[in-house]
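Visitor: First, the structure itself, so that you have it in front of you.
The values are calculated or read from the model by the stated rules, or taken from the named source; none is laboratory data. From a predicted model like this one, the values you see are computed outputs, not experimental measurements. Just the protein is used for accessible areas: all its heavy atoms, side chains included, with ligands, DNA and RNA removed. Shrake-Rupley method; radii C 1.70, N 1.55, O 1.52, S 1.80 Å.
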Amino acid sequence: VQFEESGGGLVQAGDSLRLSCRASGSTFNEKVMGWYRQAPGKQRQLVATISDRGTYKNYEDSVKGRFTISRDNAENTVVLQMNNLKPEDTAVYYCNTIPSGGNTWGQGTQDTVSS
């Protein structure tokens, strides 16, 4: 499976961004998906997950109430809606399956939040 992320940008604190990830492969609708992020000098962190049919969603504590994950299995896409962004959300955001296994990571999309 391969991934192509898009939608990042430079915004101010309190703004919103909508990230999109398109996945290749015919088994997307069987996969639990997640959005990860990696801030400069830090390890990659899982921030949101969504079950194969979109029924179950989980969020890392720091993004609860601000980020919403969704998916469209017909389009092989997973979306991360990010509201009320904070400077500490600045990172490169990636999508991948859960677990990521041997999947190749995409290039990610850079989100920069200024204070």
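Visitor: For the range 27-106, what's the relative contact order in percent, using C-alpha pairs closer than 8 Å and at least 6 residues apart?
Guide: Answer for the range 27-106 is 33 percent.
Visitor: With the Cα gyration tensor of the chain in hand, give its eigenvalues times 5 under a square root as the equivalent ellipsoid semi-axes, listed largest first in whole angstrom.
Guide: 22, 14, 12
Visitor: Another question, if that's okay. At 1.4 Å probe size, what's the solvent-accessible area of Leu10? Round to the nearest 10 Å².
Guide: Here the accessible area works out near 130 Å².
Visitor: Starting from the amide H of Asp15, placed 1.01 Å from N in the peptide plane, find each other amide H under 5 Å away whose residue is 5 or more places distant or on another chain.
Guide: HN-HN under 5 Å from Asp15: Leu85.
Visitor: While we're on this one: Name the residue, out of Ala23, Ala91, Ala39, whose mean-square fluctuation peaks in a Gaussian network model built on the chain with Cα pairs under 10 Å.
Guide: Ala39
Visitor: Once you have the Kirkwood Rh of the range 18-75 from its Cα pairs, apply Stokes-Einstein at 10 °C and 1.306 mPa s and quote D in µm²/s.
Guide: Result for D is 128 µm²/s.
Visitor: Excluding same-chain residues fewer than 8 positions from Lys86, which aspartates and glutamates have a Cα within less than 20 Å of its Cα?
Guide: Once the sequence-local aspartates and glutamates are set aside, what remains near Lys86 is Asp15, Glu60, Asp61, Asp111.
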